[in-house]
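Enquirer: Before anything else, here's the structure in question.
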Ligand SMILES: [Zn+2]
């Protein structure tokens, strides 16, 4: 039986100073690369939504290899080149165009991009353990993937916001993008669902679910579930673990709240003999890619 390929995208956008952090992290592909990738997969596989793929596999109706295009985090630029294909989107319940606050990673990248103080940086008042800070221009990779980002990821949401506020003051940042410029709105998600695309849950605020207590975990999942329910009246419904973080307790909670399957960020294709539906692997699609990895 042919395997199921689930591709994971975040943003499709041109490389500009505004988007450089995303390319550095690997969560953006240019429109040219995206179209080349789609063309390559489209020649070999049939694009379907995640629910359709799993239903076809369960019914044995998958003579051809199937491919699912997933887009995480609800960026509006993901739609510019892709709506003619069936999409599976995983927006974040509290970070839509309708809301006020950016997701923490978008806030952090915006600070890096809009910083006026870009060198001679000393954050010892915020992070005493780090001795040297490279200039943002000379070593963006350090800022995007290095100790500041790693530290930020460990903080609970309130502290994260507090840290970013202080960081913004230190780096002298006058403005950051508004939600309307980055994310899809609830209304657009509902329209997309009506035209055959699939909307799944991706948490309320994109917290790593393995770091939360049971109440916080339920709040994250319930908000995500409600967003999916205003888009789709029917089951089954999909979840996608923020940052791919899950454990037994998280899987149990995801099931309890009412999700029917969930995507991870482990790499590989899924086949029906992999019994669980709660860690569907996905291929992380980057701007640098090699077709041989998918053969
Ligand atoms: Zn995400």
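We did not get these values from a lab; they are worked out from the coordinates using the rules stated. The shown structure was predicted, so the numbers you read here are calculated from the model rather than taken from an experiment. So basically every Cβ, Gly included, is an ideal-geometry build from the backbone, and we count neighbours across all protein chains shown.
Enquirer: How long is the gain from residue 125 to residue 99 if the chain were fully straight, where each residue apart is worth 0.36 nm and the alpha carbon distance is subtracted?
Expert: Fully extending the segment from residue 125 to residue 99 adds 6.2 nm.
Enquirer: Which angle between 0 and 90 degrees, to the nearest 10, do you get for helix 248-257 versus the longest principal axis of the chain when only C-alpha atoms count?
Expert: So the inclination is approximately 70 degrees.
Enquirer: Separate question: Between the alpha-carbon centers of the stretch 9-39 and the stretch 238-285, tell me the distance in whole angstrom.
Expert: One Cα centre to the other: 24 Å.
Enquirer: For the stretch 104-171, what does the alpha-carbon gyration tensor say about shape, rounded, prolate or oblate, given a ≥ b ≥ c as the root eigenvalues, a/c under 1.5 as rounded, and a/b over b/c as prolate?
Expert: Rounded, since a/c falls under 1.5.
Enquirer: If you don't mind, there's one more thing I want to ask. Would you please classify the overall shape of the stretch 78-205 from the alpha carbon gyration tensor, given that a ≥ b ≥ c denote the square roots of the eigenvalues, rounded means a/c under 1.5, and beyond that prolate means a/b larger than b/c while oblate covers the rest?
Expert: Note, shape of the stretch 78-205 comes out prolate.
Enquirer: Name the most mobile residue of 102, 89, 123, meaning the one with the largest mean-square fluctuation, in a Gaussian network model of the chain with Cα contacts below 10 Å.
Expert: Taking springs between Cα atoms under 10 Å, the residue moving most is 123.
Enquirer: For labels at residue 234 and residue 172 in the simple 7 Å Cα→Cβ model, what's the distance in nm?
Expert: With each label placed 7 Å out from Cα toward Cβ, I get 5.8 nm.
Enquirer: Still on this structure: Return the distance in nm (one decimal) between the two label points of a simple spin-label model at residue 132 and residue 214, each offset 7 Å from Cα along Cα→Cβ.
Expert: According to this spin-label approximation, the distance is 4.9 nm.
Enquirer: Let me ask something additional. Report the Cα-based extents of the stretch 136-295 along its three principal axes, largest first, to the nearest Å.
Expert: 50, 40, 34 Å, listed from the longest principal axis down.
Enquirer: Rounded, prolate or oblate: pick one for the chain, where a ≥ b ≥ c are the square roots of the eigenvalues of its C-alpha gyration tensor, a/c under 1.5 means rounded, and failing that, prolate if a/b is larger than b/c, else oblate.
Expert: Since a/c reaches 1.5 and a/b is larger than b/c, the shape of the chain is classed as prolate.
Enquirer: Quick one: angle between helix 50-59 and the longest Cα principal axis of the chain, in degrees between 0 and 90, rounded to 10, please.
Expert: So the inclination is approximately 30 degrees.
Enquirer: Go ahead and estimate [θ] at 222 nm for the chain from helices alone: -39,500 (n - 2.57) per DSSP H run with n ≥ 4, summed, over the residue count, rounded to 500.
Expert: Taking each H run of at least 4 residues, the total per residue is -11000 deg cm²/dmol.
Enquirer: Moving to a separate point now. Among 11, 282, 43, which one shows the biggest mean-square fluctuation in a GNM of the chain, springs joining Cα atoms closer than 10 Å?
Expert: Answer for the Gaussian network model of the chain: 43.
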